[in-house]
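Read through the structure below, which is laid out as structure tokens, and then see the notes.
The values are calculated or read from the model by the stated rules, or taken from the named source; none is laboratory data. Computed from a predicted model, the values in this text were never measured in an experiment. In this analysis, Cβ positions are derived from the backbone assuming ideal geometry, glycine residues included, and neighbour counts consider all displayed protein chains. To get the accessible areas, we keep the full protein, side chains included, count just its heavy atoms, and leave off ligands, DNA and RNA. Shrake-Rupley method; radii C 1.70, N 1.55, O 1.52, S 1.80 Å.
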Amino acid sequence: MLLVISPAKLLDLKPQKIIDQFTIPEFLEQATTLANELKHYSPKELSKLMNVSNAIAQTNFERFARWNTPFTPENAKQSVLTFNGEVYAGLKASSLTTDDLLFAQDHLRILSGLYGVLRPLDLMQSYRLSMGTPLQASGFDNLYHFWGDMITNSLKTAFPGNKHDVLINLASDEYFRSINTKKLGVRIIHIEFKEWTGTGYKTIVVYTKKARGLMCRFVIENRITCPDDLMAFRSENYIFEDSLSTTNNWVFVR
């Protein structure tokens, strides 16, 4: 069983003293190609390309200017400890044990516009590049075309080849689109989180993002490898709602 989540725009760049182990991103060469392409963009051009403020564009102009390889613990940081948005507020990776993080390394993947796919302990340098960014690089029209089936093929190698080969989708639509589900060849379970509003259950994005992280933590701490065990998820009062769920679309409510 493998979980996929989205990255975050917010980053925690402070040095960490939680775990010494690290790995190198599988697609560092491709990420370097994209980073080198973005080095040619001015802050004004980055602002237009990414649809961000001038201040954010300037920050990322400086980030791409500093990009350098090889990645080491001195110039990069493990991905699951770097991303710092709502999903990662739910995951709270900095409070996981070493054994937890090693389990996550085998069962969690972070989809990325720049890196393609990251394992939790893969080193990364700071960046901002959403998968939906219309970047034209190396003859490709956008990042979905650039990555092609590379992300899909990488995910396929993470499955052991047994009856529990299931992908648990906790990513946003923007990032999940980077996976060729037909070529992946495994069962996919999509997870939704809904809130009672007084008139019905509705998806509220900020709560959904945190809940995705909470579910990742639940899987990691409980060493869950069978999807049916996800139905026991109860973090922050969420419960599985059978009446709103289908075979491959599971809804949790509160």
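Of all residues in region 1-21, those satisfying the criterion of being open to solvent by 10 Å² or more (accessible area, probe 1.4 Å), closer than 27 Å to Asp173 by Cα and out of contact with any Phe, Trp or Tyr (no Cβ under 7 Å at 6 or more places or on another chain) are Met1, Lys9, Leu10, Asp12, Leu13.
Rundown of residues vs (1) assigned to a loop (DSSP other than H, G, I, E, B); (2) open to solvent by less than 70 Å² (accessible area, probe 1.4 Å); (3) of a type outside the set (A, V, I, L, M), yes/no style:
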position	(1), (2), (3)
Thr208	no, yes, yes
Ala211	no, yes, no
Met215	no, yes, no
Leu230	no, yes, no
Ser243	no, no, yes
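Exactly one residue out of Met150, Met124 is in contact with a strand residue (DSSP E or B) (Cβ under 7 Å, 6 or more places away or on another chain) and open to solvent by 30 Å² or more (accessible area, probe 1.4 Å), and it is Met150. Residues that are in contact (Cβ under 8 Å) with a residue 40 or more places away in the chain and small (Gly, Ala, Ser) were ranked within region 189-234; the one that is farthest from Ile5 (Cα to Cα) is Ala211.
The set of residues from region 33-53 being surrounded by fewer than 17 Cβ atoms within 10 Å (Cβ to Cβ) and either of a type in the set (Ser, Thr, Tyr) or assigned to a loop (DSSP other than H, G, I, E, B) (or both) comprises Thr33, Lys39, His40, Ser42, Asn51, Ser53. Within region 24-56, the set of residues being of a type in the set (A, V, I, L, M, F, W, C) and more than 24 Å from Gly139 (Cα to Cα) comprises Ile24, Val52, Ala55, Ile56. When region 175-189 is filtered for residues that are open to solvent by less than 60 Å² (accessible area, probe 1.4 Å) and either part of a strand (DSSP E or B) or of a type outside the set (Val, Ile, Thr) (or both), the ones remaining, listed by number, are Tyr175, Phe176, Ser178, Asn180, Leu184, Ile188, Ile189. Within region 107-121, the residues that satisfy the criterion of being in a loop (DSSP other than H, G, I, E, B) and open to solvent by less than 20 Å² (accessible area, probe 1.4 Å) are Gly113, Leu114, Tyr115, Pro120, Leu121.
Table: residues versus (1) modelled with pLDDT of 95 or more; (2) closer than 22 Å to Leu111 by Cβ.
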| site | (1), (2) |
| --- | --- |
| Asp173 | yes, yes |
| Gly198 | no, no |
| Tyr201 | yes, no |
| Phe218 | yes, yes |
| Asn222 | yes, no |
| Ser245 | yes, no |
| Phe252 | yes, yes |
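The residues in region 127-145 that are part of a helix (DSSP H, G or I) and open to solvent by less than 20 Å² (accessible area, probe 1.4 Å) can be counted, and the count is 1. A Cβ distance below 7 Å, combined with a sequence gap of six or more or placement on separate chains, defines the contacts here; from region 82-97, residues that are in contact (Cβ under 8 Å) with a residue 24 or more places away in the chain reach residues that are among the acidic types (Asp, Glu) in the pairs Thr82/Asp12; Asn84/Asp12.
Does Arg66 satisfy being under 25 Å from Phe140 (Cα atoms), crowded, with 20+ Cβ neighbours inside 10 Å and of a type in the set (Lys, Arg)? Judged against the criteria, Arg66 is not a match. Here the condition is being part of a helix (DSSP H, G or I), more than 20 Å from Arg223 (Cβ to Cβ) and in contact with a Pro (Cβ under 8 Å, 6 or more places away or on another chain); of Ala57, Ala104, Ala89, Ala65, it holds for Ala57 alone.
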